[in-house]
Every structure is written in C-alpha cells, then in structure tokens.
1. Is it true that some residue in segment 118-139 is surrounded by fewer than 14 Cβ atoms within 10 Å (Cβ to Cβ), in a helix (DSSP H, G or I) and touching a residue at least 24 places away in the same chain (Cβ under 8 Å)?
2. Give all pairs with beta carbons closer than 6 Å in which a residue from segment 1146-1168 that is at pLDDT below 65 meets a residue that is open to solvent by 50 Å² or more (accessible area, probe 1.4 Å) and assigned to a loop (DSSP other than H, G, I, E, B); count only pairs at least 6 apart in sequence or on separate chains.
3. Take the residues of segment 704-726 that are among the basic types (K, R) and open to solvent by 60 Å² or more (accessible area, probe 1.4 Å): which is farthest from K685 (Cα to Cα)?
4. Return a yes/no flag: does segment 1037-1050 have any residue that is open to solvent by less than 10 Å² (accessible area, probe 1.4 Å), assigned to a helix (DSSP H, G or I) and among the hydroxyl-bearing types (S, T, Y).
5. Of a type outside the set (A, V, I, L, M) and open to solvent by less than 30 Å² (accessible area, probe 1.4 Å): which single residue out of S1102, S1129 fits that description?
6. Go through segment 998-1026 and give me each residue that's outside any loop (DSSP other than H, G, I, E, B) and of a type in the set (S, T, Y).
Amino acid sequence: MYSLERSSCFHPTKEHLRKKRTVVPCSTDNEELRQHLKLYKSNKIRTTKYSLLSFLPKNLFEQLHRLANVYFIFLAALNFIPLVEAFQPEIALVPVMLVLLVTAVKDIWEDYRRFKFDHLINRLLCHVYSSKQKVYIDQCWKDVRVGDFVRLSCNEIIPADMLLLYSSDPPWETNLKQRQVVSDHPLQVIEFSPETFHSRIECENPNNDLNRFRGYMEHSSGGRVGLHNSNLLLRSCTIRNTETVVGIVVYAGHDTKAMMNNSGPRYKRSQLEKRLNTDILWCVVLLVIMCLTAAVGHGFWLKNLKDPIFVTDVETPPTLAGFYVFWTMIIVLQVLIPISLYVSIEIVKLGQVYFIHNDLDFYNEQLDSRIQCRALNITEDLGQIQYLFSDKTGTLTENKMVFRCCSIYGVEYPHDENGKNQNTQTFIYLRRRHIFTWSWYTGAPDEEGETMTLDTEADTYSLILQPVQSSTKRDRIVVPDPELVKKLNWFCSSVLPLSEGSSTTSSSLELTYITDFFLALTICNSVVVSSASQPRHMVTRTPLKSLEEIKLMFQRKLDLSATGEGGNAGPVEKDIREDAIKDAKAQTVCGNGPKQDVETDSDSDTDDELLYEAESPDEAALVHAARAYRCTLRGRSAESLLVDLPGIGSLAVQLLHILPFDSNRKRMSVVVRHPLTGHVVVYTKGADSVIMDLAETPKAQEIYNHIREQTQKHLDSYAREGLRTLCIAKKVLEEEEYDVWLKGQLLAESSIENREELLLESAQRLETNLTLLGATGIVDRLQEDVPETIEALQRAGIKVWVLTGDKQETAINIAYACKLLRPNDQLLTANCGSKDACAAFLQELKLEVLQGQDSMTERTAAGTDGESSLGSMASFVLVINGQTLDWALQEELKSDFLELSRRCKAVICCRSTPLQKSQVVRLIRDELGVMTLAVGDGANDVSMIQMADVGIGISGQEGMQAVMSSDFAVSRFKHLSKLLLVHGHWCYSRLANMILYFIYKNVMFVNLLFWYQFFCGFSGSVMTNAWVLILFNLIFTSVPPLIYGVLDRDTPAETLMGLPELYQAAQASKVYIPHMFWVTVLDAFYQSLVCFFIPYLALAGSDVGVLSFGSPINASALLIILLHQVLESHTLTWIHVVVLLLSGGSYFGFVLLFSVSCVTCSPPTNPVGVETLQMSQPLFYIICAVTTVTALLPRMLFRALHNTLHRSAALKSSQMDKVASEEYRKRMQHWNLSHSRVNRLPVCADNPGLEPGLEPCTSSVVS
C-alpha cells in the first residue's frame, strides 16, 4: 500500500510547507501527515468583523480612526479640567457618546446580517466519505476538511476547492467551464472508491488566481501526473451536465479561491468627501480665530477692569486667564465642527442607495436582476462624470452572436437574412429522397402549412413553410446560402449536373475545404450537447469496421489529383464521383449505413431539439451554422465527439487534445484523428490577425495565394460591416511529428514551475504552417437603446470612449451604428508602423484638429454653422490601433496623445489589451483631473473598471468577474442614462446641499454664542443652558437635513431624461465649490447677527436674566434654520412637513419640560420657570417673528432676483423647445401656403402642425 510505503518515507519540512501544499486522504496511516492536514484551515467561513468579546475594543478602535471622533473625545476630556470647564463634564460626553453609539449600532446590524449568512452557508449539507463507516454520509460544509473525499451530483453546489478524481461525465460548472478528471489516473474509468486512492498531491499554496492551479499527483508506483486549472472544482460553483463527481478537498474555507477573492464591499472616497475634508479644516481655522479673539479680548478686559462690581479672579494674570479662556471657548464653540455630519452622510447615502436599488427602471425581467450598488459611498460621483470608457462586445452589443457570412476556399457565401428581426419561417428543401431543413426570414407571416416551389437550373425544390415562434430560436436559425447548398448536395446526390459551366460543379479540392471548414466549426469548440429529454449526449461506442469502409469511400472521392485546383470536372472525375456516391449511399443514413450510438435513443434525437451550451456566444453561433449545413455535433465525451456529416452519417471523432483559447495566442485548436482519413489533424480558429500570419503560402501553388488574397478581402469587407471575424485553418500532422510534439506537451502539462510558459511554447510549436480554410463573419447586435443612450450622454457633456479588442473596421462600424460617430464627423485614423512615425503623426493630427476647430469657430461666429448641438468639439473622432496606442502611452508621446484626444469628441481604441485599457483610463484621470467612469462585462475589463473613479459591471454572457470588481452592476448599457442623468444628478445635488446646510446651521448657531462674548467679558459664558447647547444641533435640527438629503428633487426625472444638458449645466454650476462654502458662511454670519441683536435691542434696558435673554434667541434660531431649509428645498412632501413639525415640537417640548421640572440640571443657572414665562408673553412671539423674517428676507429676495435674471437650465431648455416647436410650425405653414394645392400635404392626425381646412384627410397626395 502506498500509504504504508510511500507516505511513510515522506516527511514535510518547514521549507516545503512554505512553498507547497501536501494533500493526502484524511484516512492516511501516516500520523505525521494526518497531523499536517489538521494545520490547514477548516471549511468553516466567518466573514463577520466582530465577536462578543472583541466588539467593544475593536469597534472603538475603528471609530477612533476618524479624526472628528478623536477631536470630540479630546474636548470631552478637556471639559473635566476645572480651570477650562465650560459646563458640567457629563454633558460634554453626550455628543460623542451618541455618535459612537449610533455608529456602533449600525456596525452591529451589518455584522449580524453577515453572521446569519455565514451560519446559513456553514450549515449546508454535502456527501463526505467516512473511512469508518465506508460510505458517504451527510456532513455540514463547516466540518469538511482538507483531504476529505466529497461526492456531488448534478446541480449541487461545490463546498470547497476540490481536485476532480472521478466523473460519470466530464462536468461543467455554472459558468460553462469544462472540468476534467486528472489525466492518466488509474481509477478514472471505473466506479471510484476512496479506499483504493493512495496518491499524494503536491500543489501550490492558496492564492486568489481563479485561472491558475499548479501541482502534480504522485501515485504509489512513483509516477507523477501534472495538475492544472481544469482539474480543480471551485467552491460556490454548481455542477452541471453530469450525474456524479468525486473529488478530494485541497483548499477549504478561507483558503479557497472564491473566499480569497471576496474582499467585501468596495470602499472609495468620493470627490465630495475630499472637498468636505478641506472645508472642515477651514472650520477649524474659523474656530481657532474665534477662540483667539475671545482669549485676547478676555485678557484685555481683565487688564482694563477697574473696581469690578462682581467677583473676579484677580490673582490670575490676564495672559494666563486668556489662555484658559481659549480652551474654554474651544469647548463652547465645538459645534462649529459638525460631529454628526459624517454619520448623517452615511445615513443619507444608504437612503440614496436604497432608492437606486429599488428603481423599477433598472429591473431586467428576462434575467430577473436589478441594479447592484456594491460601493455605498460614491453615489454622488455618478453626477460628476466627465469621461466614460466603454467596452464594445457585451457592453454596447448583446453578445448574442448570429452567423452572417463566411468565406471558404476564397469564395464568399453571404447569409444576409440571418438574425433579422422579422417573422421566421422554416423551409424544408425536399430533393428526391434526401431532406434538408433550412430557415428563411420573410417580411410577413405565411399561413402554416403553405407550400411553395422554387425552380432553379439545377433542380426543383419543394418548400414547406413552418412558423417558428421563439425569438431565441430565431437567433439560432441560420438561412443557408443556396450556392453552398448546391455544392454540399454532391455528397447526397446520385446524379450531378456536370455540364460545362454549371454553377453546381465544384473541384474536389474545394469540396475538401468545405468539408473541413464545417467539420472545424463543429468540433473546434467546447460546446456541451443536450436535449429536452436527455441532459447530456455522450458517445458510447465506435463501429471501427464501418469507419474504415467510409474512409476508403471518402478517399476515393478526394483522390482526384488531376483536377485538384478547381475548374470543370472531366469524364474520369465524373465516373469516380458516381462510384463514390453509390458506395456512400450503400453505407449512409439513407440506407443501412453505420450509425453511432448515443446515450439517448435515435428517435429522441430526431424529435428533440439539440441544445448547445457554450462558453462564449461565438462558439454557439458557429455550431448552429455548421448544423444548418448538416454538420451536426450530437455528443461529446472526454475522448471523442459524435458528429453528423452530410452524406456520411454519424461518426465518432477521436479527440486527442484541446488547446483552449487564451488572450496571448488569440486562438483555439483541437487535435483529432480525422474520422475519414485517419490522419492526425489540427483544426484552429482564431483572430484573423494571428491566423493569417500562421498560414503557410506555398510558392508553387497559385491557388493558395488566391485563397489567401480573397479571404483577406472578405475579412476586410466583414469588418467594415461591423462583423466579428474569425479565421479557420487546419494542419495535417505526420505520426512521427505528432509523437514528438506529444512528448513536449505532456512534459509541459506535468510541470509545476513555468507551466503556463511551457504550454504556450508547446501550442505555438504546433500551430504553425496552417492551411487557411476560410473565415466567418458573425454579427453581434447592439443592445436596445444604445444609440439613444450614447447620444444622451454626449448631450450631457460626457465624452464617450470605446476601448475594444476588435478590428478597427468593426469598431468604426459599431461606432456609426450606436451614433458615437456621425456622418459629418471627421475621422482621424492613427495606424503607425514605428514610434517615430507615431510621434510625427500625432503632431500632424494635433495641427489638423486645431486648424479645424479654429475654422469651425469662425464659421460659428459668422452664423454659418450654428446647428451643431455638440459645438466645435463634435467634429473630430480619433481611431487608434493597439500598437500605436502602446507608443502613444509612453512617456515621450503621452502629452501629445493627451492633447489630441482631449480635443476630440470621442476616441476609439482598437485591438487594445486589458492593460492598455487601464493605462488609458489612468492617463485621463490623473493628467486631466477629471471624473472617469468605466463600464465592461468581461474579465478583460476588470483592470479598467478598477482604475476608474466609478466602475460599472454589466452582468451578461461573460461571467461575473466584471460585476464582482465593480462599484455598480447593471444588466443593460441603457441603464447608464438614468443612473447618471437622474440618480447621479440627484445624489450629488442632495448631498452637496445637505453638507452646505449642515455647515450653515452650525456656523449660524455658534456665532450666537460668539456675539454674546462681547457682552460677558469674553469669559466663555453662554446665554442658554448646557443641555440645549449640546442637543440643538445634535437632535433638534439633525433629522430634517437627512430627509432633505434623501428625498429632495431639484428637477423631475422626466425632465432630466428629456434634457440631458441639465447634467452638464449642474457640473458647470457646481453646488459644492470653494466659494459656495464662503457664501454659506457669510450668510450664516448675517443671520446670526440678526438673530442675536434684534432680541438684544428689543430687551435692552429690561431686567431679564441670562436664560430669559437666550430664550427668544434660541427659538428664533430654530425657526430660521428650519425655514431656511424649506426655502432651499425643491420638494416639499408630507414627510418633510411631519419631520419639520416634529423637530420644532421636540425643541419646544424639551425646553418647556426642562423649565418646569429641572431645578439643578444646569448649575449655576436655574432654568425653572424661564421658558414658561417667556412663552406666555406676546413680546416673545413678536421678537421671533421679526427676527425670522429679517434673517430670511435677503435670501428670499436673492432667490427671486436670481431666478428672474438667471433662469434655471431646465426652464430655459423647456422654453427653447416650445420656441423651436413654434418656429417649426410657422415655417411649415409658410411652406404650405407657398406651394400649390396639388403639392400640399393633407391635414390629419399624422400632420397636426400644418394649416387645416383646405384638403380632406382622405385625399391622395401627388408630388
């Protein structure tokens, strides 16, 4: 046994444990290894931040990271010093304790939600093998350990990262990534038994790279097998398309890749918060100035005091007394620093996120998904976006591919009807005894069962119309090209028209190309085949005898060397073809030919619709296209594929290797043993820029050069049409050549160090000297409302850049389709061959743009070009390819590229890599200092999304990597318009106004205390009791700003969507800018002067006490502050009214209760009866009314005057629309009157703007 022999001699060292992880079954006999497994983390997860014991110290420690909290704790402690004490020490603790308590409650609630989720996950059950009971038992996820064997069934969730040891079928995870059993494992063919597993696994230590797994498995015999990413089942994924899998846990709990990538909600600091921090510093400066003024004033007051009539401390020097007063005033005026503002901002942002999250316009019924707000603290940045960087595929487009055209053997076969949004009919071509089923798109639905006939020179086809109802079916249906159909009919026809010049005549070489082309489309993929009655189609046996017979038959067809280059078929070729056809008909599905068995009945295969599940939409589109020409993928296993070929029937194709697609090679290859020739063949599909370079060009064969040239022309044409292009190629290997390559491939697969580099080199050695078969063009339709969304964003002043990996022509075509490019825009294309050429060309383009903008400005000033809604910046669009962009981003050329791009309306970066995308975003963000937003849907967009100020992921066909890395996640690109133009505008406006209001009310109230110092010798005394002083800003006036920040709407949503210019107008007249801070402070100073001195003048000469003097001042301040918010609010609902009444009522209720019940609550003053007495006198109400009106009147007059002279952008835009509509009506009336009655349009509901009464609506129009 290995566990007794091999593991006994393995002793892991500390150095070994630091570099690698060793995994053996938990039931191993090696005690040292068993103890070693216990050192690994369990599968129990814990995402909570606190425990019962750690909450208090840890939460307090975290809150002390906020300088505002530290500041107020310092002031509370300072108030305990008798020499500088302003009021009772315990009262000074109330503000900071309340803020800390509210924050702690919020943190507890969030942590409790995480705890409940952790508990739910940890209690999930899975089947774990028990070495004692010798069976699989139910066990909680939290009890799973490294080294446990876990058995899973279809649609079960994977509890931990497991190495796949057994599968009844090759399993697929929920993201349609196929997983493979460890290669060369001795137990992978039979039913797996954990008792017979005695291997040792060596793998890398836990990391967060989802696409990498390195290691090897050492068997008891000493042999090693390499492990790679496709052997690893990842936690939280779901098993699909297989009945049973068994794996051994290698990473558990927080060591799993999923948990290591789960960093929780993203935290970013918004620009508004950064601006706020600056203003808080200015508040500190104001506080210090006011306290210094009081300290100096108190020193001078003591120095000049002669024969005081009241008790003073004459022993303390004036300088020292001034020093004490400085700290006393710091305590008294502490409200100037808004301690509750930070908590209020968090609450407001949560409210904003709640309303964004529950906006029904963001709900996608098809996906049953809504917007996700993953970053909770940058909602206001959505209203300040200036540059938007977008991916193309899956972001602007559907990422639902439809086969549109192909080129084979240098001949183009258009499929223009595919994917059109028209009614779909299915045409069944009946030709003699062989049936071909096609699809056709017609403009209007025909009656079911209607029969038509189509006559051609070659033959007659009977067409049976069958309506297709499903829109998803419409996307998959491919309308075959008639010419290509005729050529493929050669395989199933007993008599062929082979006359000279016949269009149906094809050379044997062209037929070989066509057959290989569609065979490549069928098998060069990782598509899973299933049907409604059978979840997975598998190959079960291969009739080798019949296969050999078919190989001989097919070779007889294709051994026509004399006419290999094309042309018309001669008599010899005709005889050979007829013989081959007779042989084929005797052995195909038309007669009693061979058939391959599938794990479902042949009848069900015929009746059930085959379902193809692919990793990418491109693969599915190509497989559906091949199926339309009867090259059908029917089943898949780890070793073979089951395919149907036209005229041949079902064949099993031996699958030797799959070289998956990667971003470096930009291609995918499969190595198979050809089912008809027996040769080892490599089929490759990939980007045209790569495949065309790898294709061989034999000098002696003119036909190959012709194919290459024609294919390149077709590729350029497809790209100009905006299609996604792929090239298809093949390579036939000699057995010796394949054996040599196989050794290197196996060595690379079993390597731990530099495994990716070795696999890349191995693939590159194989994929050389390819034979170009053809190319495909796939259309990726735009998402709905993309043109309208981009137009709205541009009208809002947001510059839209497209960063894509597609061809330049494709990107340009898509840009026109989505209105990023317009017909009158001037296109600047930068495709340079060297760095020097790039530098010169950028300079040339800069001059061209400057001259163009100058001339455009002159024309605009002259009134000849005033119709451009986007101004002079709308004329130039820069298109740059990946190589040129690489040079442009270098330090020497960066400034030129930046200057050029900022003067263009839009920039399109083609063939760009993920790294280049992030570099472009960083360049614009840092150098121009603008607010950037990046949106994408795939893993290649993650770096760009994370680099931008705001990252938005689109949950589509490319997985969840972009969503997991984003700040916000939406399902469609069109949602950006409302997210930015409406919610972004609202969030910024609300939060900015709320912050200014907080600063205003704090400065206003603090100045009341400051003005009083001029009448009390700058002693630090106050004219109100300490409880009112503390609670005024903390309780009585704190809730209305929260409602204001969550519910206020300065402009209705319909107006913001209809007038995107308002977004730019709001940016141009930013609410929260430096001078607005000082305007707010000056307004607060004025109102405080009015609020203090009107009561002072009214009560001058009376015998009122200090608290009686402060009573009308406090009441007036409360009314002014609350009514000030009413003036600033754009929305007034019943919620606002209730909150305002409760705020005012809470103040008056508190002071009245305090006045009648509290005798010793505020020593040395006695508040008993003060408020009740004051509120019983009419003078109190007169003072409050006069003070409130006088304080708010200037603001009311300023608002009225400003709205009269400077109308809001919304009002001006709506009036402009009305004026434009009226001018249009008048022009049409003038045109109508100036033309004859014959040419006049009828007036009816369709033309409401024209002169009525002259022609009836039913009259005909001749013009």
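The values are calculated or read from the model by the stated rules, or taken from the named source; none is laboratory data. Everything numeric in this text was worked out from a predicted model, so none of it was measured. Positions of Cβ are backbone-derived with ideal geometry, glycine not excepted, and every protein chain shown enters the neighbour counts. Heavy atoms of the whole protein, side chains included, go into the accessibility calculation; ligands, DNA and RNA do not. Shrake-Rupley method; radii C 1.70, N 1.55, O 1.52, S 1.80 Å.
1. For segment 118-139, residues surrounded by fewer than 14 Cβ atoms within 10 Å (Cβ to Cβ), in a helix (DSSP H, G or I) and touching a residue at least 24 places away in the same chain (Cβ under 8 Å): absent.
2. From residues that are at pLDDT below 65, the pairs are V1159/V1168.
3. Within segment 704-726, the first condition is being among the basic types (K, R), and the residues that meet it are 708, 713, 720, 724.
Now drop any that are not open to solvent by 60 Å² or more (accessible area, probe 1.4 Å), which leaves 708, 713, 720.
Details: R708: 15, K713: 18, R720: 21 Å.
Checking each candidate, the answer is R720.
4. At the first step, the residues of segment 1037-1050 found to be open to solvent by less than 10 Å² (accessible area, probe 1.4 Å) are 1037, 1040-1041, 1044-1045, 1048.
From what is left, the residues that are assigned to a helix (DSSP H, G or I) are 1040-1041, 1044-1045.
Imposing the further condition that a residue be among the hydroxyl-bearing types (S, T, Y) reduces the set to 1044.
Yes, segment 1037-1050 contains a residue that is open to solvent by less than 10 Å² (accessible area, probe 1.4 Å), assigned to a helix (DSSP H, G or I) and among the hydroxyl-bearing types (S, T, Y).
5. Numbers: S1102 fails: open to solvent by less than 30 Å² (accessible area, probe 1.4 Å).
After ruling out the rest, the residue left standing is S1129.
6. We begin by selecting, within segment 998-1026, every residue outside any loop (DSSP other than H, G, I, E, B); these are 998-1015, 1026.
Answer for segment 998-1026, where residues must be outside any loop (DSSP other than H, G, I, E, B) and of a type in the set (S, T, Y): Y1000, Y1012.
Let's see how each residue does on (1) in contact (Cβ under 8 Å) with a residue 24 or more places away in the chain; (2) part of a helix (DSSP H, G or I); (3) more than 44 Å from the chain's Cα centre (by Cα):
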site: H65; (1), (2), (3): no, no, no
site: N69; (1), (2), (3): yes, yes, no
site: L83; (1), (2), (3): yes, yes, yes
site: E90; (1), (2), (3): no, yes, yes
site: L93; (1), (2), (3): no, yes, yes
site: L100; (1), (2), (3): yes, yes, no
site: T103; (1), (2), (3): yes, yes, no
site: R113; (1), (2), (3): no, yes, no
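The rows are residues; the columns are (1) open to solvent by 20 Å² or more (accessible area, probe 1.4 Å); (2) touching a helix residue (DSSP H, G or I) at 6+ places or on another chain (Cβ under 9 Å).
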site: G744; (1), (2): yes, yes
site: T771; (1), (2): yes, yes
site: D785; (1), (2): yes, yes
site: A792; (1), (2): no, yes
site: I814; (1), (2): no, no
site: R822; (1), (2): yes, yes
